[in-house]
């Protein structure tokens, strides 16, 4: 009975929260008061796709990766180079970039997932350093440290995504689609296999789960999410340089995932939003000391709310609802 | 009841200089409850790990239903019909009790990332079937009312039953139970014996490694005794209890020989 009540509240309030979020998202770029946040929210949606991939990999499957910005950068640069230098259709460029990032993740996935824990973290960190250095040093292709500008925008037929509002709706469509697809995966046979690997690799194998196959598959999916986010990023900003794809950016992605809740799909969005809003609205005042503040946030959340703010808040809210429901119920 | 479901031939596994399993020939009759006993360090769990594919034999061969298992990895053996539980439980604490059992249905369902992500009808149908089957296995071990709980919140006895339900959910023909009675009280052991008999009635061959002699003598129809990696005796429970070599292995050589 108790579980029935809990499930009911969870559902009703989850639907309400989702509807409220959608309504807010639609209102922001159209309202004269809130439209100054359009750009910030656009970048939150792009970042959230990268964070989401990390949550699937780290939070659900238990495989640490500090390398997600490598795939983010691969998507960004392949899209930029193909569409600007070679005049390829931006959508096709995005598709090629995603396929390349996925293939790259697949190829390095089998050797890299022979490693566990700290060793896996170090190897994925190495990946970021290698890719970042390539972006900076292959000047004739990537524009070096100065980057490339004048990257074309995306369009469908006569609809051009060249204003803040149109880009905002485009990017959020991708982000919400990725969130919903991921939610469906987690609630399926595949999702159970991923969570089983996190729970106990030996037990997962004993129920017929092929460890390396599932680890590599979710790694590929996270790479494809990151790559698409990278493509959207360059077609939105119409400019690219190596800076957003380095080591610090990778640490930021981990911070966003941890703050939201590693094992939580919607926590990925929530954590990204919290960290980005903080960095845009508050942390600017700290100048270059902001990285210290990120470190502090990471530590405080890990110590006091290890399941992440999103999960922490949701559970607190549910307990409060249950308590009220019990008090109101005639005994 | 006559053909062996599992055979090992000269099965040997060494770790560095230590021979954990040493030339073991086994023939496990289909449908018969078989117990593997022996003092600590006799190689019982290593034998299980060899059958389950966690370790590969140094030499020798394992045949399941007449076919060699070769170097096939654990997950493929689960799909072939070999299930197991672990001495140290190893439940998935990041899932509910029911989801733990549902994960056992993994090798008996076939839908992947794409069907799941897009919620195609096939995924829906499969999920409904998996939930129904898993509830049946959960009820079989008597944990139906704890479906939505976290497994870590259950007492050890129920956690062990849950690992059996998870193993049964893989729909095996051979079930390996690694010390299922350890840490259970007398009443729970009684229930465990009944459960193992019911599993036998389902047509599943059970092999158990167990230290509890009352449990073993009560349910095992065939007992294999290992000592220092070698098979020193096998037979019915009453034959084993009278075997001189077995008594020697358990009580120490001097007393046994005298």
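The values are calculated or read from the model by the stated rules, or taken from the named source; none is laboratory data. Since this is a predicted model, take the numbers as computed values, not measurements. Because the Cβ atoms are built from the backbone with ideal geometry, glycine has one as well, and the counts that use them run over all protein chains shown.
Structure notes:
- Just one of the listed residues (A:300, A:254) is more than 17 Å from the chain's Cα centre (by Cα), modelled with pLDDT of 85 or more, in a helix (DSSP H, G or I) and outside the structural domain of residue A:175 (by TED's automatic domain parsing), and it is A:300.
- For segment A:200-216, the candidate set comprises residues that are free of Cβ contacts under 8 Å to residues at least 12 places away in the same chain and in a helix (DSSP H, G or I); within that set, the residue that is surrounded by the most Cβ atoms within 10 Å (Cβ to Cβ) is A:206.
- Checked against (1) assigned by TED's automatic domain parsing to the domain that holds residue A:176; (2) surrounded by fewer than 24 Cβ atoms within 10 Å (Cβ to Cβ), residue A:36 meets all criteria but (1).
- The listed residue being closer than 30 Å to residue B:108 by Cβ and surrounded by fewer than 23 Cβ atoms within 10 Å (Cβ to Cβ), out of B:234, B:221: B:221
- Reported count of residues in segment A:116-130, each being more than 14 Å from residue A:61 (Cβ to Cβ) and either part of a loop (DSSP other than H, G, I, E, B) or in contact with a helix residue (DSSP H, G or I) (Cβ under 9 Å, 6 or more places away or on another chain) (or both), is 6.
- With respect to the conditions (1) surrounded by fewer than 17 Cβ atoms within 10 Å (Cβ to Cβ); (2) farther than 22 Å from residue B:198 by Cα; (3) more than 14 Å from chain A (Cβ to nearest Cβ); (4) touching a residue at least 40 places away in the same chain (Cβ under 8 Å), residue B:15 lacks only one, and its number is (4).
- Entirely in segment B:185-258, the helices (runs of 4 or more DSSP H) that have 2 or more residues that are over 18 Å from residue B:44 (Cβ atoms) and modelled with pLDDT of 95 or more: B:186-201
- Residue in segment A:150-167 that is at pLDDT 90 or above, exposed (fewer than 14 other Cβ atoms within 10 Å of the Cβ), in a helix (DSSP H, G or I) and out of contact with any helix residue (DSSP H, G or I) (no Cβ under 8 Å at 6 or more places or on another chain) present: no
- Some residue of segment A:218-239 being surrounded by fewer than 21 Cβ atoms within 10 Å (Cβ to Cβ) and touching a strand residue (DSSP E or B) at 6+ places or on another chain (Cβ under 8 Å): yes
- Remark: residue B:152 falls outside the filter, which requires a residue to be in contact (Cβ under 8 Å) with a residue 12 or more places away in the chain and facing chain A (nearest Cβ under 9 Å).
- Scanning segment B:93-136 for residues that are part of a loop (DSSP other than H, G, I, E, B), facing chain A (nearest Cβ under 8 Å) and under 30 Å from the mean Cα position of the chain (by Cα) returns B:93, B:94, B:95, B:105, B:109, B:111, B:112.
- Segment B:51-74, residues that are within 11 Å of chain A (Cβ to nearest Cβ) and more than 15 Å from residue B:176 (Cβ to Cβ): B:73
- Summed over segment B:75-98, residues that are over 22 Å from residue B:192 (Cβ atoms) and surrounded by fewer than 24 Cβ atoms within 10 Å (Cβ to Cβ) total 9.
- In segment B:137-149, residue nearest to the other protein chains (Cβ to nearest Cβ) [restricted to those that are in contact (Cβ under 8 Å) with a residue 12 or more places away in the chain and surrounded by fewer than 16 Cβ atoms within 10 Å (Cβ to Cβ)]: B:148
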